[in-house]
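Remarks on the structure that follows.
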Amino acid sequence: MIRILARWLGLAALCLIVACGEKPPAPPPGGGPALWRVEGKGMDGWLFGTIHVLPDGVAWRTGPIGDAIGQADRLVLESAEIQDQAGTLAQFERMGRSVGLASLETRVPAGDKAALEEIVENGGANTQTLSAYEDWAAAMLLSAAAQQALHVSQDHGVEPALIAAFEKAGKPISGLETVERQFRAFDTLPADAQRRLLVDTVREAKEMRRLYDRILAAWIRGDVATLAQEDRLGEAPDPVVEQAVLVERNRDWVKSVGALKGRPLIAVGAGHLAGKDNLIDLLRAGGYRVTRVQ
């Protein structure tokens with residue numbers, strides 16, 4: 001289940017990635033993170049699979065990515081509202097909180113309470129505060145707590161660097177969807193699916209470091225096959241969650257791409273470009289020519 005949450009967050013919003021003091025990974029000679037050219041229906045742009053959070057010092061901006069940044073006439077993110085952190089948090093609070101919820105401790109099996117307490121304690125959170133959130137929102141906050149305990153900042157992620165580059169060049173920035181749409185994918189999940197997401201997030205928290213170490217290594221060398229394989233390792237994802245959080249959003253994004261013209265650089269979480277019903281396959285099925293550049 002953690003892989004579903006990870007892919008929605010772009011394979012890295014919970015990133016544990018590398019231990020403190022280790023040398024950050026670098027692209028192989030002549031390679032780097034996967035980049036595609038997307039052509040058709042009045043558009044000649046690029047599709048770049050990103051990681052939202054990275055350790056400091058990862059040199060992901062290769063020659064082809066730099067060329068795409070320079071030649072693109074606009075940046076298209078999953079949501080342009082990522083730039084408004086206060087607004088995003090307010091939307092999360094509106095959708096994620098409810099009154100009369102059971103305490104968080106009672107929402108996980110007795111055998112998982114120790115793992116829950118460890119996440120909360122190490123992440124500087126508390127179960128009383130988290131108990132005010134619905135299961136899907138509590139799962140996200142627990143994942144964020146796991147990240148906080150490892151002192152990983154999103155300031156080193158791909159999106160802030162892209163936003164800065166396009167703002168400096170005076171080029172527009174837009175999104176494929178709204179933050180409300182992102183959260184709604186979780187907020188409208190059936191109650192049992194939300195509960196499974198919460199419980200599995202607690203159970204799999206200790207495995208995140210090994211998972212993201214593998215994901216980062218695959219991402220930096222553009223190994224899409226390995227990214228897709230990660231979905232097939234371990235417990236199979238909940239099909240209800242996968243459909244709502246990944247497949248339906250990818251299909252909505254194809255519609256949004258259909259409105260784009262010119263030379264956009266489309267930057268989305270790399271998890272959306274691998275595995276079942278990924279965005280690349282859906283774009284090709286929709287009549288676009290998608291060619292690997294790097």
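Assessment of segment 173-187 against the conditions (without any contact (Cβ under 8 Å) to a residue 60 or more places away in the chain and surrounded by fewer than 19 Cβ atoms within 10 Å (Cβ to Cβ)) yields no matching residue.
Conditions tested, residue by residue: (1) in contact with a Gly (Cβ under 8 Å, 6 or more places away or on another chain); (2) farther than 26 Å from R251 by Cβ.
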{"residue": "E78", "(1), (2)": "yes, no"}
{"residue": "L104", "(1), (2)": "no, yes"}
{"residue": "G124", "(1), (2)": "no, yes"}
{"residue": "Q128", "(1), (2)": "no, yes"}
{"residue": "Y133", "(1), (2)": "yes, yes"}
{"residue": "K171", "(1), (2)": "no, yes"}
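Suppose we keep only residues that are part of a helix (DSSP H, G or I) and touching a helix residue (DSSP H, G or I) at 6+ places or on another chain (Cβ under 7 Å) within segment 163-183. Which one would you say is nearest to R61 (Cα to Cα)? Per the stated criteria, the residue is A165. Go through the residues of segment 52-63 one by one and say whether even a single one is aliphatic (A, V, I, L, M) and free of Cβ contacts under 8 Å to residues at least 60 places away in the same chain. There is at least one residue in segment 52-63 that is aliphatic (A, V, I, L, M) and free of Cβ contacts under 8 Å to residues at least 60 places away in the same chain. For segment 152-160, state whether one or more residues are surrounded by fewer than 17 Cβ atoms within 10 Å (Cβ to Cβ) and either more than 18 Å from the chain's Cα centre (by Cα) or not in a helix (DSSP H, G or I) (or both). Checked segment 152-160: at least one residue is surrounded by fewer than 17 Cβ atoms within 10 Å (Cβ to Cβ) and either more than 18 Å from the chain's Cα centre (by Cα) or not in a helix (DSSP H, G or I) (or both). Counting only residues that are within 23 Å of A225 (Cα to Cα) and surrounded by 14 or more Cβ atoms within 10 Å (Cβ to Cβ), segment 56-67 holds 6 of them.
Yes or no, residue by residue, for (1) among the hydroxyl-bearing types (S, T, Y); (2) at pLDDT 95 or above; (3) farther than 26 Å from F48 by Cβ; (4) not in a loop (DSSP other than H, G, I, E, B):
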residue: D67; (1), (2), (3), (4): no, yes, no, yes
residue: T88; (1), (2), (3), (4): yes, no, no, yes
residue: F92; (1), (2), (3), (4): no, no, no, yes
residue: M95; (1), (2), (3), (4): no, yes, yes, yes
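Within segment 94-146, the set of residues being more than 25 Å from the chain's Cα centre (by Cα) and basic (K, R) comprises R107, K113.
Would segment 195-202 turn up any residue that is surrounded by 19 or more Cβ atoms within 10 Å (Cβ to Cβ), within 21 Å of I119 (Cα to Cα) and at pLDDT below 80? No - not one qualifying residue is present in segment 195-202. Counting only residues that are surrounded by fewer than 21 Cβ atoms within 10 Å (Cβ to Cβ), hydrophobic (A, V, I, L, M, F, W, C) and touching a Lys or Arg at 6+ places or on another chain (Cβ under 8 Å), segment 261-283 holds 1 of them. Every condition in (1) farther than 30 Å from L176 by Cβ; (2) without any contact (Cβ under 8 Å) to a residue 60 or more places away in the chain; (3) crowded, with 20+ Cβ neighbours inside 10 Å is met by K113 except one, and the failing one is (3).
Only residues that are surrounded by 20 or more Cβ atoms within 10 Å (Cβ to Cβ) and at pLDDT below 80 were counted in segment 16-51, giving 4.
When Q91 is tested against (1) surrounded by 15 or more Cβ atoms within 10 Å (Cβ to Cβ); (2) over 16 Å from T178 (Cβ atoms), just one condition goes unmet, and that condition is (2).
The values are calculated or read from the model by the stated rules, or taken from the named source; none is laboratory data. These numbers come from a predicted model, not from an experiment. No Cβ is skipped: glycine too gets one built from the backbone with ideal geometry, and neighbour counts run over all protein chains shown.
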